Each structure stands twice: as C-alpha cells, then as structure tokens.
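Step one of this worksheet: look at the structure below.
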Amino acid sequence: MLDREDSGEPDAPIVCAAFPGEEATLSGKTYLQKEWFVPVTDPAVLIRVIDKSARANLMQADLAAHGITDLGRIQRRGFSHDDFPGRGAPEVQLRIDGERMVLAR
C-alpha cells in the first residue's frame, strides 16, 4: 500500500509517470478465476434474493480458500462524509471484463 511516506520530500518528490506517449495504470487488483465460482445452494441466502428467477444464477467464491484474505474495506464516501475529497482508502471494487459491478447490499 502506498502512503504519504512514498511520495518523497517537498524538495524531492517522487513522481510516477508513464513513458511519453504511453499510459500508466497503478492497480492492486487480484484476478479471480472463473472456476472458483460455484452456484449458491444455501436456502438462507437464496430466500433473500427477491427475484426468484435470479436465484438460479447466483454464484459465490471462497476467496480465503484461494489465499485472498485482505479484502480492503467497504466505506461510505461522498460529499457528506469526512473523507471527501478523496481522503482515505479507495473503495472496494469488483470488475468483470472491465465493467464495474454493483456490490451486494
């Protein structure tokens, strides 16, 4: 995790930049494997899904079984929160084929 200590000093800042003409991406992502996902079979979970037709499509993955134990933290963000503008850890995200998914609520 990068923090203030990783930005250098006022008279000697550390600058991360792309090579001219290139684009840089800094990411802490972890790739999840398709085969990790299995259908949800727990009736206590399935009954909470309002759309009955969606229940058959609900999948789950045991991340801890694959060595993923640091899930970051889900936190409230926005104008009405103390972390505006942009202070604090970035939010937890899930993307599939580059498209951001809505986390369960």
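Counting Lys and Arg as +1 and Asp and Glu as -1, what is the net charge of the other residues whose Cβ lies under 13 Å from the Cβ of THR30?
Counting the neighbours of THR30, the net charge comes to +1.
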Given the peptides 43-53, 25-35, arrange them by the average over their residues of other C-beta atoms within 10 Å, most packed first.
43-53, 25-35
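Each reported figure results from applying straightforward, stated rules to the coordinates on display, with no laboratory input. This is a predicted model, so every value here is computed, not measured. Every residue, glycine among them, receives a Cβ derived from its backbone with ideal geometry; neighbour counts consider all protein chains shown.
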